[in-house]
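Enquirer: Take this structure, written in structure tokens, and hold onto it; I'll ask about it next.
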Amino acid sequence: MRREAEAYDLTLKYTGTDGRTSQSGTLVLGRNVDFLLNAYDTEGDGVVRTRVPRGTYLLETPVRTRKGARATPGTALMVQPELSVTKATTLTFDARRAKPVNFTVPQGAKSVGTYLKYVLESDDTTYGSVWQHDSFKGFRTGHVGAALPAKEFSSHIGGTWQKGSTTYNLQVTIVKAYLLK
């Protein structure tokens, strides 16, 4: 008989910008344990329940708000770069706490493509994620949990807009503050 390593229940709850449950999911990445899980709400009740080994994790959660909802449909990328699981834990990812991504570009310029990238670097983990879209319309970002030092967690955002034959390129690197906040 094989005995389970020390593990705990992890419950993840999702709320869209309309305040209703959201059928979403979370990437659960072990920072000091060998663990990777794409946990997805298959029941449609806005909740995922799983077990994870004792350890420290990064959680990346795109919370979706449906069309026809009482709020603007879209995605709120919410990241918790450090979660220590030492007991049964419940987290709520509430898209209403995320902020819209907006840039002021010359009038009439159309978005060609946009991106958001974040990087987590520590002694035990290096992880980066890039989210690309046609535009930032309906896209929000939110940081969950305590802040990490800037040398460990940074965000980068950019895009390309066009007006006639003129192209506008923008890239911003956030070092001392979180874009995902």
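Enquirer: Among what's in the range 124-144 and is outside any strand (DSSP E or B) and free of Cβ contacts under 8 Å to residues at least 60 places away in the same chain, pick the residue that is surrounded by the fewest Cβ atoms within 10 Å (Cβ to Cβ).
Expert: It comes out as Asp134.
Enquirer: Look at the range 76-95 and say how many of its residues are among the acidic types (Asp, Glu) and closer than 23 Å to Glu152 by Cβ.
Expert: Residues meeting the conditions: 1.
Enquirer: Look at Val33 and say whether it is in a strand (DSSP E or B) and within 22 Å of Ser129 (Cβ to Cβ).
Expert: no
Enquirer: Filter the range 80-94 for residues that are closer than 16 Å to Arg140 by Cβ and not charged (D, E, K, R); which is surrounded by the fewest Cβ atoms within 10 Å (Cβ to Cβ)?
Expert: Thr92
Enquirer: Sticking with this structure for a sec: Does Val63 qualify as being in contact with a helix residue (DSSP H, G or I) (Cβ under 7 Å, 6 or more places away or on another chain), closer than 21 Å to Leu36 by Cβ and modelled with pLDDT of 90 or more?
Expert: Here the answer is yes, as Val63 does meet what is asked.
Enquirer: Check Leu77 against each of (1) touching a Pro at 6+ places or on another chain (Cβ under 8 Å); (2) surrounded by 15 or more Cβ atoms within 10 Å (Cβ to Cβ); (3) at pLDDT below 90 and name the one condition it does not meet.
Expert: Every condition holds for Leu77 apart from (3).
Enquirer: Can you spot a residue in the range 62-70 that is more than 19 Å from Trp131 (Cβ to Cβ), outside any loop (DSSP other than H, G, I, E, B), open to solvent by less than 30 Å² (accessible area, probe 1.4 Å) and not small (Gly, Ala, Ser)?
Expert: no
The values are calculated or read from the model by the stated rules, or taken from the named source; none is laboratory data. The model shown is predicted, which means the values in this text are computed figures rather than measured ones. Backbone-built Cβ (ideal geometry, glycine too); neighbour counts: all protein chains shown. Accessible surface is based on the protein model in full, side chains and every heavy atom, while ligands, DNA and RNA are left aside. Shrake-Rupley method; radii C 1.70, N 1.55, O 1.52, S 1.80 Å.
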